[in-house]
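J.: This is the structure I have questions about; it appears just below.
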Amino acid sequence: MDLPSLAVILQAALSPNPDERKAAEQSLNQFQYTPQHLVRLLQIIVDNNCDMAVRQVASIHFKNFIAKNWAPHEPNEQQKISHSDKDMVRDHILVFVAQVPPLLRVQLGECLKTIIHADYPEQWPHLLDWVKHNLQDQQVYGALFVLRILSRKYEYHTTDITSMKGYKNYEFKSDEERTPVYRIVEETFRHLLNIFNRLVQIPNPSLEIADLIKLICKIFWSSIYVSSDV
């Protein structure tokens, strides 16, 4: 399916007519496994000339598809996304996540979380290099946003036990599970400290500056916390 046709179907998914919505959803389900489908969704998400409602529908469909299909859930389950499509998504989402409005960034952030948890470091060995480079460039917010998600991968994991109130239980990861954090600290903390020192010296900082400071603090905490059984 080409890009204009996909945009039309996504627009139809917003129709007040239930028959039109159902037909659009069926079309999306029919074509979701075709090559380049994920890439075209991402193109619509970042297209400033496209209606925001359509972009939001595309982002939700993109997020849900990645959550369900990026990594096989069963040992013998067949890959449903081609390696070339995965490469294109990984290469472009890092740049786009800082460019889209917050409404869409939330969805792309969830996608990044899924991809990082499944692929880093084995299938995405250059991710940390990208972060390090952009911490020294003009893409500081994007680099911090990605680094926050990356550092959280080694923070904790859910257990199979649910509390009596229905909440999930979380356990901090062991030192062995957190070994990759050491490289994150070695490669990025010097740059984070330099950025942090510059930001806190800005008089009357804007909300954007405050967001950067908050991201850095969260990255520091996720990377250096010490758990205790006491």
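J.: Starting from residues that are within 25 Å of Asp47 (Cα to Cα) and of a type in the set (Lys, Arg), keep the ones in region 105-141 and report whichever is least open to solvent (accessible area, probe 1.4 Å).
T.: Looking only at region 105-141, we keep the residues that are within 25 Å of Asp47 (Cα to Cα), and these are 105-116, 127, 130-131, 134, 137-141.
Those left that are additionally of a type in the set (Lys, Arg): 105, 113.
Details: Arg105: 38, Lys113: 91 Å².
Here the answer is Arg105.
J.: I've got another one for you. Output the residue which, of all residues in region 159-181 that are more than 16 Å from Ser222 (Cβ to Cβ) and open to solvent by 60 Å² or more (accessible area, probe 1.4 Å), is modelled with the highest pLDDT.
T.: To start, the set of residues in region 159-181 that are more than 16 Å from Ser222 (Cβ to Cβ) comprises 159-169, 176.
The next check asks that each one be open to solvent by 60 Å² or more (accessible area, probe 1.4 Å); those that pass are 160-162, 164-165, 167-168, 176.
Numbers: Asp160: 48, Ile161: 49, Thr162: 51, Met164: 47, Lys165: 53, Tyr167: 54, Lys168: 56, Glu176: 71.
Step by step, filter region 159-181, then rank; the result is Glu176.
J.: Let me ask another. Looking only at region 98-119, count every residue that is modelled with pLDDT of 95 or more, within 23 Å of Ile195 (Cβ to Cβ) and assigned to a loop (DSSP other than H, G, I, E, B) and tell me the total.
T.: Total meeting the criteria: 1.
J.: Scan region 59-82 for residues that are of a type in the set (A, V, I, L, M, F, W, C) and open to solvent by 30 Å² or more (accessible area, probe 1.4 Å) and jot them down. Step through it out loud before you land on a result.
T.: If we filter region 59-82 for residues that are of a type in the set (A, V, I, L, M, F, W, C), which is where we start, we get 60, 62, 65-67, 70-71, 81.
Answer for region 59-82, where residues must be of a type in the set (A, V, I, L, M, F, W, C) and open to solvent by 30 Å² or more (accessible area, probe 1.4 Å): Ile60, Ala67, Ala71.
J.: Which of the residues that make up region 182-191 are at pLDDT 95 or above and β-branched (Val, Ile, Thr)?
T.: Correct list: Thr188 only.
J.: If you check Leu215 against the conditions, is it open to solvent by less than 100 Å² (accessible area, probe 1.4 Å) and touching a Lys or Arg at 6+ places or on another chain (Cβ under 8 Å)?
T.: Values: open to solvent by less than 100 Å² (accessible area, probe 1.4 Å): yes; touching a Lys or Arg at 6+ places or on another chain (Cβ under 8 Å): yes.
Spelling it out, Leu215 is indeed open to solvent by less than 100 Å² (accessible area, probe 1.4 Å) and touching a Lys or Arg at 6+ places or on another chain (Cβ under 8 Å).
The values are calculated or read from the model by the stated rules, or taken from the named source; none is laboratory data. On a predicted model such as this, the values are computed, not experimentally measured, just so you know. We place every Cβ from the backbone using ideal geometry, glycine too, and count neighbours over all the protein chains shown. Quick note on the areas: whole protein, heavy atoms, side chains included, nothing else; ligands and nucleic acids left out. Shrake-Rupley method; radii C 1.70, N 1.55, O 1.52, S 1.80 Å.
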